Amino acid sequence: MPIDELTRNAVSVLPEGGLEAKLKLGRPLRVKFGIDVTSPDIHIGRGVPLQRMRAFQDEGHKGVLIVGDYTTRIGDPSGRSTERPILSDEEIDANAQLYLEQAKVILRDDPELLEVRYNGEWLSQLSYADVVRLGRIVTLARMLERDDFEKRYRAGEPISISELLYPLMQAYDSVAVEADVELGGTDQLYNLLAGREVMEAYGLEPQVVLTTPLLLSWDGEKMSSSVGNNVPLTAAPEEMFGRTMRIPDEQLAEWWSLVAEQQVPEGGPMQAKLDLARWIVARSHGEEAAAAAAEYFDSTVRGKEVPDEVPEHPLPAGDPVHLPTVLAAAFDISTSEARRLIAQGGVKLDGEVVSELDLPRARLVGAVIQAGKRRFVRLNEAT
């Protein structure tokens with residue numbers, strides 16, 4: 001496989017010439033990717049770097065998947081304006097198991113090609129002296145060069161010591177597994193480069209850093225499980241299909257390139273969305289499930305009861321959004337009637353029955369909501 005295939009869609013491969021040098025070592029490389037288990041889903045955006053790991057696996061290199069059970073207890077500050085909420089040990093353990101199952105949708109589950117490690121194995125064993133040694137490697141001034149830290153510092157917002165430790169702990173993962181290459185999104189560049197610095201301080205050959213773009217969701221924001229604007233890798237086929245169909249036409253090229261690693265096929269935007277949705281479902285659930293999801297979408301969404309012209313309705317402020325409030329305002333009914341409709345399965349969002357009373361705002365923007373058989377509105381942001 002040409003090196004261009006290994007680095008497909010890469011934004012950065014650092015240092016220049018580093019990957020070529022690693023490949024010349026004549027042995028399988030150890031290609032690391034770490035995921036904190038902050039939510040129970042791996043979405044297709046996180047699948048983009050996993051696809052790079054799969055490309056390395058296909059060439060006989062070993063993927064080293066780090067399940068961040070320990071670093072989740074701190075929370076990755078990358079791109080955040082506040083600290084992440086701390087999960088219970090039970091939530092972390094449950095999420096970790098689900099993450100592993102979902103990652104194998106993309107990765108080759110072969111012990112010769114995949115090594116799964118939990119970073120609690122080594123991080124829980126570090127003594128206070130070990131942490132102090134780790135803390136000497138990177139200066140506070142260097143830490144505050146990070147965009148997220150710098151913005152919060154200038155705004156007078158709190159930054160905990162534990163957040164400053166996070167990049168060092170992720171970097172120590174690379175020491176523990178002796179990584180040759182580390183993969184991550186562009187928001188992880190600082191952490192990945194810190195891994196090079198820490199590995200060198202521990203007398204190891206620094207890893208090569210390979211970053212991939214962040215997949216933007218249909219709302220134009222970074223795809224996120226916590227926000228809800230995502231397509232989980234193991235969601236129900238109909239849900240995966242329907243969510244994929246929500247992407248705007250102008251994002252088709254990006255999704256085809258990053259997710260399917262192909263160019264947009266001919267046939268127009270609608271056909272391109274249908275093909276992509278079917279491809280995404282087939283990867284997770286197989287061709288038969290993809291065909292059934294496409295048929296379901298065609299009968300309940302495209303050819304459904306929804307009229308060609310659907311009136312627009314603005315969403316109220318807040319996140320999450322209280323669905324009965326939306327229904328009451330959109331269809332001139334009481335909130336108690338709206339709750340009854342939801343409880344009876346009479347409310348659909350893009351053709352899918354919804355039972356939740358509160359939904360993430362990102363899931364509602366641009367969606368068609370149906371109450372009963374003949375009442376429809378398309379939800380949008382208030383202007």
Worksheet item: From the list 340, 374, which one is free of Cβ contacts under 8 Å to residues at least 24 places away in the same chain, surrounded by fewer than 16 Cβ atoms within 10 Å (Cβ to Cβ) and over 28 Å from the mean Cα position of the chain (by Cα)?
Response: 340
Discussion item. Tell me whether region 137-157 contains one or more residues that are outside the structural domain of residue 242 (by TED's automatic domain parsing), modelled with pLDDT under 95, among the polar types (S, T, N, Q) and surrounded by 16 or more Cβ atoms within 10 Å (Cβ to Cβ).
Written reply: no
Worksheet entry | Lone qualifier among 114, 165, 98 - being crowded, with 16+ Cβ neighbours inside 10 Å, touching a Gly at 6+ places or on another chain (Cβ under 8 Å) and either of a type in the set (Ser, Thr, Tyr) or under 21 Å from residue 43 (Cα atoms) (or both) | 114
Worksheet item: Of the residues in region 114-136, how many are more than 26 Å from residue 63 (Cβ to Cβ) and either of a type in the set (D, E, K, R) or not assigned by TED's automatic domain parsing to the domain that holds residue 56 (or both)?
Response: 3
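The values are calculated or read from the model by the stated rules, or taken from the named source; none is laboratory data. Fair warning: this is a prediction, and the values are worked out from it, not measured in the lab. We place every Cβ from the backbone using ideal geometry, glycine too, and count neighbours over all the protein chains shown.
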